[in-house]
Amino acid sequence: CDRYYAYHDSVGRFMLGLCQPLMCRLIGTTVKPSYTYFIEYVPGSELTPHTDRTQCEFVVSIQLSLSPCGNQWPIYVCAQPRMPYRGDQPLPAPELWRKVALKEGGAVVFKGREKVHWREPLPEGWQSAHLL
């Protein structure tokens, strides 16, 4: 198993309720809370390039912890919309990639259905995040 996860967990639902008003202000429209995932990745975990399913219009990825301390495991987000994206398609050109390296407690917001996103294999340690 390259990751452990909990879908629709109570902490995630609480965080979703806190973040929903902020998200509405950030994007300028009403959003409906739809999902939460707590995920812990282990060494060798990989997030292959993909776009998300319908209910993941916007993604809030919150970095909870990363070990060893001070390590980084960036997520790459393509700047150009591409919907949908299947893993057998070529990756967008490197000049379109945006590398986002979060610290503990940091977050990134992006359009999960439009933006191809991925992570390279986690070399060591572990990483935990909440996705809302």
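Every number here is computed from the coordinates shown, using simple stated rules; none is lab data. Computed from a predicted structure; not experimentally measured. We place every Cβ from the backbone using ideal geometry, glycine too, and count neighbours over all the protein chains shown.
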Normalised alpha carbon radius of gyration of the chain [divisor 2.2 N^0.38 Å]: 1.03
Rg/Rh ratio calculated on Cα atoms of segment 66-118 (Kirkwood radius): 1.03
Which of L22, L132, L122, L91 has the fewest Cβ neighbours within 10 Å, and the rest in rising order: L22, L91, L122, L132
Span from the segment 1-41 Cα centroid across to the segment 98-132 one, whole angstrom: 14 Å
Dipole magnitude of segment 1-85, debye to nearest 20 (Cβ charges: Lys/Arg +1, Asp/Glu -1, about Cα centre): 300 debye
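So if we plug the beta-carbon distance of Q55 and E95 into 1/(1 + (r/R0)^6) with R0 = 25 Å, what FRET efficiency do we get, rounded to 0.05? Walk me through the numbers before you get to the answer.
On the way: r = 31 Å, r/R0 = 1.22.
Given R0 = 25 Å and the Cβ-Cβ separation, E is 0.25.
Work out, step by step, the length gained on full extension between K103 and R86: first 0.36 nm times the residue separation, then minus their alpha carbon distance; give nm to one decimal. Before the final figure, lay out each step's value.
Numbers: separation 17, 0.36 × 17 = 6.12 nm, distance 2.91 nm.
That pair, K103 and R86, stretches by 3.2 nm at full extension.
Given only helices, namely DSSP H runs of n ≥ 4 each adding -39500 (n - 2.57), what is the per-residue ellipticity at 222 nm of the chain, to the nearest 500 deg cm²/dmol?
Details: 1 runs with 18 residues, N = 132.
Roughly -4500 deg cm²/dmol at 222 nm, from the helical runs in the chain.
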Unit charges at the beta carbon, dipole of segment 3-131: most positive-side option, T30, I62, P92: T30
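Test of understanding: express the Cα radius of gyration of segment 1-59 as a ratio to 2.2 N^0.38 Å, with N the residue count. If you can, show how the numbers build up before the last one.
Details: Rg = 13.5 Å, N = 59, 2.2 N^0.38 = 10.4 Å.
Against the empirical 2.2 N^0.38 Å value, I get 1.30 for segment 1-59.
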